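Asks: Dropping the structure in here first, questions after.
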Amino acid sequence: MGDPVRVGLIGVGGMGSEHLRCLLLLRELAQVVAVADVDPAARERAMAKVGPGLSAYEDYRALLGRDDIEAVFISVPEYAHKEVALAAFSAGKDVFLEKPMATNLRDTDEIILAAEQSGRLLQIGLVYRYSRFFRGMKELLKVRGEIPRILMMWCKEHRVSFPPKRWYHFQETTGGAIVEKDCHHFDIFNWMMECRAKRVCAFGGRSVLVPGGDYLSRWPGLEPQLIDYGDNVDHAEIILEYENGSLAHLSLCLCLRPTDHSLGFPLEIGAIGYNGRTMLSDVSQGWIKFKGGHTALEETHDMRDRSDAEANAHAGGMQEHVEFLRCVRTRERPYADGIVGRESMLPAFAAEKSIKEGRIVHIEEILDEGLLPRQPYREPPMPG
């Protein structure tokens, strides 16, 4: 594949440090030459991991000014995504941009247009599209035909709160908790059903992480802190109707209190087909089970991925880096490109609007807020 891609990381806090971890395990594919972060402690941690030869900057523009850097990983808070991404494209860099792309559709579209105008690559951190688990699910549903046509899907994620950093908890800085968190899950619905949502009905609120509440957040590396501020929802129930008539349901809770103070993020994905067959999966345990239907045959598939365990990353965490670096060299369009990222956010924006205004929201309303011309849903072919 040629020489290792010379990479810079903009933001080396939570997700940025995860990208750094993965890239350091892929030294034959990538050379991390510079990082940028406003937090001196984050810069120092990165320098300790990489060693001599790493440059660290407070201002990301100094990093982008280096001609020897080919690609950048952007892991700053969502409200800064557009500013940094546009600067990166202007500097001629290929971009890996963490999800969600932006806090509103107009900024999302500006990022996509800037990538197209610059001729540079844009990959979005929809990590599940790169996981053996979900690619296996797609294969089982569509190629093997376990559930050739989905009647309904659901996703349940009941977990601890976001980290005790103020920007995580406000609409203005994240676009909303559903935008920040659930674009991942709406992308899974889109991907498996190969269709766009038509309308969304959502209910939710902030009822636990409120003034006078007693939610103490415990995150590794951070001091325990009372979260009694913010205006993002801390729980929500969301119903989606898709253009093909299929239904989906997402249940979100961001205020659990695990008794052991662990940060396990159990994620359950399920589906029922028109053929009467049921799929149930547990992402953290790595299994997918089918039962019922015409054959009534029950099957359980082990979809665990050792590469993810080695990197201590999300499902697909290593593979998304491998494929981005390959795309930089081959100039292939990334699988989770800007359009895929945009589609993952449409239901999230609609759900936030539905909760705020107390009504069903049509996706057409959200599309009216964008800059791109109307196009039908496009599901890219899966790599390999």
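The values are calculated or read from the model by the stated rules, or taken from the named source; none is laboratory data. Remember, it's a predicted structure, so these values are computed and weren't measured experimentally. Cβ sites come from the backbone with ideal geometry, for glycine too, and all protein chains shown count toward neighbours.
Asks: Which one of 51, 65, 119, 92 is assigned by TED's automatic domain parsing to the domain that holds residue 10, at pLDDT below 95 and not charged (D, E, K, R)? Working first, answer last.
Replies: Working: 65 fails: at pLDDT below 95; 119 fails: at pLDDT below 95; 92 fails: at pLDDT below 95.
Only one candidate passes the filter, namely 51.
Asks: Something else now. For the stretch 179-187, state whether one or more residues are charged (D, E, K, R), part of a loop (DSSP other than H, G, I, E, B) and not assigned by TED's automatic domain parsing to the domain that holds residue 102.
Replies: To start, the set of residues in the stretch 179-187 that are charged (D, E, K, R) comprises 180-182, 187.
Next, from what is left, pick out any that are part of a loop (DSSP other than H, G, I, E, B): none.
No - not one qualifying residue is present in the stretch 179-187.
Asks: Follow-up question, since we're still on this one. If the requirement is being crowded, with 19+ Cβ neighbours inside 10 Å and in a strand (DSSP E or B), which of these qualifies: 153, 192, 137?
Replies: Testing whether each residue is crowded, with 19+ Cβ neighbours inside 10 Å and in a strand (DSSP E or B) leaves just 153.
Asks: Say whether the condition of being under 26 Å from residue 16 (Cβ atoms) and either in a strand (DSSP E or B) or among the aromatic types (Phe, Trp, Tyr) (or both) is met by at least one residue in the stretch 351-368.
Replies: The first filter runs over the stretch 351-368 and keeps only residues under 26 Å from residue 16 (Cβ atoms), leaving 352.
With the extra rule that they be either in a strand (DSSP E or B) or among the aromatic types (Phe, Trp, Tyr) (or both), the set shrinks to none.
No: zero hits.
Asks: So residue 221 passes all but one of these: (1) surrounded by fewer than 22 Cβ atoms within 10 Å (Cβ to Cβ); (2) outside any helix (DSSP H, G or I); (3) at negative phi. Which condition number does it fail?
Replies: Among (1) surrounded by fewer than 22 Cβ atoms within 10 Å (Cβ to Cβ); (2) outside any helix (DSSP H, G or I); (3) at negative phi, residue 221 violates only (3).
For (1) among the aliphatic types (A, V, I, L, M); (2) surrounded by fewer than 16 Cβ atoms within 10 Å (Cβ to Cβ), each residue gets a yes or a no:
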position: 20; (1), (2): yes, no
position: 26; (1), (2): yes, no
position: 32; (1), (2): yes, no
position: 35; (1), (2): yes, no
position: 41; (1), (2): yes, yes
position: 46; (1), (2): yes, no
position: 50; (1), (2): yes, no
position: 54; (1), (2): yes, no
position: 60; (1), (2): no, no
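Asks: List the number of the failed condition for residue 346; all other conditions in (1) out of contact with any Gly (no Cβ under 8 Å at 6 or more places or on another chain); (2) over 26 Å from residue 203 (Cα atoms) hold.
Replies: The failed condition is (2).
Asks: Has the stretch 245-256 got at least one residue that is within 17 Å of the chain's Cα centre (by Cα), crowded, with 24+ Cβ neighbours inside 10 Å and in a strand (DSSP E or B)?
Replies: Looking for residues that are within 17 Å of the chain's Cα centre (by Cα), crowded, with 24+ Cβ neighbours inside 10 Å and in a strand (DSSP E or B), one finds at least one in the stretch 245-256, hence yes.
Asks: Another question about this same structure. For the structure I just gave you, tell me whether residue 315 is under 20 Å from the mean Cα position of the chain (by Cα), at pLDDT below 95 and farther than 30 Å from residue 198 by Cβ. Please lay out each step first, then the result.
Replies: On the way: under 20 Å from the mean Cα position of the chain (by Cα): yes; at pLDDT below 95: yes; farther than 30 Å from residue 198 by Cβ: no.
No: the conditions fail for residue 315.
Asks: Checking the structure you have, find out if any residue of the stretch 288-302 is among the small types (Gly, Ala, Ser), within 20 Å of residue 190 (Cβ to Cβ) and in the same structural domain as residue 198 (by TED's automatic domain parsing).
Replies: At the first step, the residues of the stretch 288-302 found to be among the small types (Gly, Ala, Ser) are 292-293, 296.
Retained after the next criterion (residues that are within 20 Å of residue 190 (Cβ to Cβ)): none.
No, the conditions are met nowhere in the stretch 288-302.
Matching residues to (1) surrounded by fewer than 20 Cβ atoms within 10 Å (Cβ to Cβ); (2) out of contact with any Phe, Trp or Tyr (no Cβ under 9 Å at 6 or more places or on another chain); (3) outside any helix (DSSP H, G or I):
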position	(1), (2), (3)
110	yes, yes, no
113	yes, yes, no
145	yes, yes, yes
148	yes, no, yes
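Asks: Shifting gears a bit: Can you name the residue in the stretch 67-86 that is in contact with a strand residue (DSSP E or B) (Cβ under 9 Å, 6 or more places away or on another chain) and without any contact (Cβ under 8 Å) to a residue 60 or more places away in the chain and, of all such residues, is farthest from residue 167 (Cα to Cα)?
Replies: At the first step, the residues of the stretch 67-86 found to be in contact with a strand residue (DSSP E or B) (Cβ under 9 Å, 6 or more places away or on another chain) are 68-76, 80-81, 84-85.
Okay, now just the ones that are also without any contact (Cβ under 8 Å) to a residue 60 or more places away in the chain, so 80-81, 85.
On the way: 80: 11, 81: 13, 85: 19 Å.
Looking at residues that are in contact with a strand residue (DSSP E or B) (Cβ under 9 Å, 6 or more places away or on another chain) and without any contact (Cβ under 8 Å) to a residue 60 or more places away in the chain, I get 85.
Asks: Here is a list of conditions, (1) in contact with a Ser or Thr (Cβ under 6 Å, 6 or more places away or on another chain); (2) surrounded by fewer than 22 Cβ atoms within 10 Å (Cβ to Cβ); (3) small (Gly, Ala, Ser), and residue 316 meets all of them except one; can you say which number that is?
Replies: Of (1) in contact with a Ser or Thr (Cβ under 6 Å, 6 or more places away or on another chain); (2) surrounded by fewer than 22 Cβ atoms within 10 Å (Cβ to Cβ); (3) small (Gly, Ala, Ser), only one is false for residue 316: (2).
Asks: Looking at the stretch 90-108, which of its residues are under 13 Å from residue 79 (Cα atoms) and not in a strand (DSSP E or B)? Let's see the steps before the verdict.
Replies: We begin by selecting, within the stretch 90-108, every residue under 13 Å from residue 79 (Cα atoms); these are 97-108.
The answer is 98, 99, 100, 101, 102, 103, 104, 105, 106, 107, 108.
Asks: If you check 219, 191, which single one turns out to be modelled with pLDDT under 95 and under 22 Å from the mean Cα position of the chain (by Cα)? Let's see the steps before the verdict.
Replies: Numbers: 191 fails: modelled with pLDDT under 95.
Matching residue, one of 219, 191: 219.
Asks: May I ask you to list the residues in the stretch 156-178 that are among the acidic types (Asp, Glu) and not in a helix (DSSP H, G or I)? Even if it seems obvious, please write down each step before you answer.
Replies: If we filter the stretch 156-178 for residues that are among the acidic types (Asp, Glu), which is where we start, we get 157, 172.
The one that is among the acidic types (Asp, Glu) and not in a helix (DSSP H, G or I): 157.
Asks: Which one of these does residue 83 not meet: (1) of a type outside the set (Ser, Thr, Tyr); (2) more than 23 Å from the chain's Cα centre (by Cα); (3) part of a helix (DSSP H, G or I)?
Replies: Here residue 83 meets the rest and fails (2).
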